[in-house]
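Before any comments, here is the structure.
Just so it is clear, none of the values below were taken in a lab; they were calculated from the coordinates. This one's a predicted model, so the numbers in the text were calculated from it and none came from an experiment. All Cβ positions, glycine included, derive from the backbone under ideal geometry; neighbour counts span all protein chains shown.
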């Protein structure tokens, strides 16, 4: 399973930190997430979503994949009519399997293979259509325009699901972190220097209008 190695969350230059993160660790499974809220409201959707997701800690040790995913769906479907939206990245780690669930531009990085989830943004759409070069993503003028996100009353079907039949160390981060780099290669090279150095490099590269920045760095448990 996955256990926490390093966490960091910073308000940046925003008036409020709307990033939320959590980690639930059992002997046979773990569940981790980062929620990046936008459209500032009080109270905010990310707080309700976090509260619902954190209830997954009450699931028994013996819970199946289906039961865990059903609980995630119940958390997402919960609707108390608050406004707000969120870019999200969720990770379920099971024996010999990792499931990522994403919407928006909060990313999951698999640290051994240096693979990451794909953003749901207008910029990525332009790249997929061949109208923009892949190298333009990090500074693309349409990078922050998302084509997929969560809001009250959604379901798990809104999320893009990827399954990997192995387990490795994971890093989840909000766009305020990865956008501090110029490319995937630059970011991957920084990852190889370890969690603390990665955070310091992101801070060193930050712009004058720094966004909320959250990192959840997870490593495989030996148990």
Nearest-0.05 FRET efficiency for residue 5 and residue 136 at R0 = 22 Å, using Cβ-Cβ distance, is 0.10
How far, in nm, would the chain grow between residue 129 and residue 114 when pulled straight, counting 0.36 nm per residue and subtracting the alpha carbon separation? 3.0 nm
Any chance you could list the semi-axes, whole Å, largest first, of the equivalent ellipsoid that the Cα gyration tensor gives for the chain, using √(5λ)? 25, 21, 17
What is the extension gain from residue 14 to residue 42, computed as 0.36 nm multiplied by their sequence separation minus the C-alpha to C-alpha distance, in nm to one decimal? 8.6 nm
I'd like the projected area of region 21-65, averaged over all directions, using the convex hull of its alpha carbons. Report it in nm² with one decimal. 3.4 nm²
To one decimal place, what orientation-averaged projected area in nm² is obtained for the convex hull of the Cα set of region 98-223? 9.1 nm²
Subtract the Cα-Cα distance of residue 67 and residue 82 from 0.36 nm times their separation in residues, and report this length gain in nm to one decimal. 2.8 nm
